[in-house]
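Only one structure is covered here, and it is reproduced in the block below.
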Amino acid sequence: MASGRTTSKNTTHTAVIAGALCAALGCSGSGSANSSASVSSNTGAGGTPVSDGNPITIGQGSSATMAIGGNLATGGQLGQGGQNTGPGGGGGGGCGPGLPLFPAGAPFNTRVDQAPLDAESDAIISFLSTNHTAGARFQVDFSITVLTADSQTPHMPFLPTADHYSPDCDTAPVPVPTGGSLEGEQGYECTGDGDCHLIVVDTSACTLYEMWRANIVNNVFNGGCLAVWDLSRIYPPEGRGQYCTSADAAGFPIAPLTFSADEIAAGHIDHAIRFILPNSLIRSDVFVSPGTHSTSATSGPSDAPPYAAHLRLKADADLSALNPAAVIVAHAMQQYGIMLADGGNITFTASSDVNTAHTWDEVGFGSQDLKALNWSDFEVIDLGERHMSSGGDCQRTPIQ
């Protein structure tokens, strides 16, 4: 766990979520995070969070009373010597722990609750409702680990593998924090033949490093596609380069689209959320901005969503079956939406709690907690021009 933790591991998830909701609802009485208090909230029918940033309401015509106690941390603290404590959230733009990734106005941090609908919205939602019925539908994956580095963290050069594509992928040495791990692994060795993403936020350089298929064994670093992102920059519609992939198939960064236990504890998620689909359910060879790429593995028909499709949860979706933590996630889906980033089976992506101030158990959120939602609760915002990935070649100068 993060060395900057200010809450006990015994803090109950009720207390953590109550603190977040108290902040959102504007509790009367002491505002100290150290105080004990209670908050009662009477919600209206439907239990739907409003989309203008006002308090979240939970339940259907019900009351909720929760005790508050303990010290509520707002994000992990950067460790000395490049330790791998995690960033605390996303939304408005920054580089350090507890700060969001990318500036305000970046597409991942821009609210879409008032955006117009796409002409194909009904057709795409109908396709997903009919065809995306597997058991992993609307399940949450917690295997992505977001590491944090500083100026003292050593950078390691790597040997590009067959999963490194030029000029799409960068070749710069990568900061490798002590004690970190790859996606789905206990350390830096890719033992399970998975995606093995290595994701590091370098707070001193305001740079995000994301690598697909990383593997470090006995100080020998082999790596697939590396994408280096400038976190102080709002990228143009063509991102790092039109027709260029990244560590995700759509050409997106990964970390800014994952949500964390610390964000749940804070009571808000101020960015879009990553979602993935089986390749057979992604429109063949098509992507939309701000995505920059599709893959030959996609085989979906013309009414399937294209890569980088941006959906949002409807403002009137019934959230009464969701627990308080899931309602916070749903609120983000209403305000910022979800973005189709990669091919796979588990729909939504959260970050691991290995390096966060709070754990998923503390905030009361599990992998099945969004499954009460349905595709009919979503709609597709205007996607703009459709691009054929086979219609051009990536042209960019890799960062070395």
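Laid out as a table, the results:
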{"item": "Residue tally, condition of a type outside the set (A, V, I, L, M), in contact with a strand residue (DSSP E or B) (Cβ under 6 Å, 6 or more places away or on another chain) and either modelled with pLDDT under 95 or not in a loop (DSSP other than H, G, I, E, B) (or both), over the range 150-178", "result": "2"}
{"item": "Unmet criterion (only one of (1) within 17 Å of Ala272 (Cα to Cα); (2) touching a Lys or Arg at 6+ places or on another chain (Cβ under 9 Å); (3) among the small types (Gly, Ala, Ser)) for Ala330", "result": "(2)"}
{"item": "Set Ile254, Ile273: member being modelled with pLDDT of 95 or more, more than 25 Å from Gly392 (Cβ to Cβ) and not aromatic (Phe, Trp, Tyr)", "result": "Ile273"}
{"item": "Some residue of the range 308-318 being in contact with a Ser or Thr (Cβ under 9 Å, 6 or more places away or on another chain), buried (at least 24 other Cβ atoms within 10 Å of the Cβ) and of a type in the set (Gly, Ala, Ser)", "result": "yes"}
{"item": "Test: Tyr243 is farther than 29 Å from Asn109 by Cα and among the aromatic types (Phe, Trp, Tyr)", "result": "no"}
{"item": "Selection from the range 361-400 of residues that are touching a Ser or Thr at 6+ places or on another chain (Cβ under 6 Å), buried (at least 18 other Cβ atoms within 10 Å of the Cβ) and assigned to a helix (DSSP H, G or I)", "result": "Glu362, Trp375, Ser389"}
{"item": "Residue match in the range 170-190 (condition: hydrophobic (A, V, I, L, M, F, W, C) and surrounded by fewer than 14 Cβ atoms within 10 Å (Cβ to Cβ))", "result": "no"}
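The values are calculated or read from the model by the stated rules, or taken from the named source; none is laboratory data. Fair warning: this is a prediction, and the values are worked out from it, not measured in the lab. No Cβ is skipped: glycine too gets one built from the backbone with ideal geometry, and neighbour counts run over all protein chains shown.
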